[in-house]
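First comes the structure, then the notes that go with it.
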Amino acid sequence: MMNMFPVATLLTYFAQAAAPGSGPAGNGSMVQMLLFYGLIAGGFYFLFIAPQRKKQKEHEKLLASLQSGDEVLTTGGIYGTITNVKDDRFVVRIAESTKIEVGKGFISAVTKKTDAEEKK
């Protein structure tokens, strides 16, 4: 019996402290809550959205700079050399007499740029 008294007292205290609108700071707590959620949203933006957007812009810039003769790596792990650039895809030579067409979004990296681009 002795052990239940402090627990019951603490529960009563927490229930009274957590009652909505109790005390003079009822509206201030709403502002604090909105400020807290705003800070959380800002943190998510700077931790997740902004770096992903930057990476996406760099990838688009990479795709725009590709030209015939560049050696590339696809997202499927295939290495090849670009032989032709079309509107929405690249023609990539992966062996002596083997060419495939790859969508522009599936080029993940450039392994070697052509000499004309390196001299600039």
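I'd like the trypsin sites (Lys or Arg not before Pro) in the range 49-110 restricted to DSSP loop residues with at most 11 other Cβ atoms within 10 Å, sorted by number.
Details: sites: R53, K54, K55, K57, K61, K86, R89, R93, K99, K104; in loops: K86.
Qualifying residues, ordered by number: K86.
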Check: How many nm separate the modelled label positions at I40 and T111, each set 7 Å beyond the Cα in the direction of the Cβ?
Finding: 4.6
Check: Going by how many other Cβ atoms sit within 10 Å of their own, how do F90, F44 line up, fewest first?
Finding: F44, F90
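Note the full-extension length gain between E58 and M33 as 0.36 nm times their separation in residues minus their Cα-Cα distance, in nm to one decimal. Walk me through the intermediate numbers first.
Working: separation 25, 0.36 × 25 = 9.00 nm, distance 3.69 nm.
That pair, E58 and M33, stretches by 5.3 nm at full extension.
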Next item on the list: Taking the Cβ of each residue in D70, D87 as the centre, tally the other Cβ atoms inside 10 Å and list the residues starting with the fewest.
Entry: D87, D70
Check: Out of the range 23-101, which GluC sites (Glu not before Pro) are coil in DSSP terms and have no more than 14 other C-beta atoms within 10 Å?
Finding: E96
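Here, each number is a calculation from the coordinates, and none is a lab measurement. Predicted model only: the values in this text are computed from it and were never measured. As a convention, Cβ positions derive from the backbone with ideal geometry for all residues, glycine included, and neighbour counts pool all protein chains shown.
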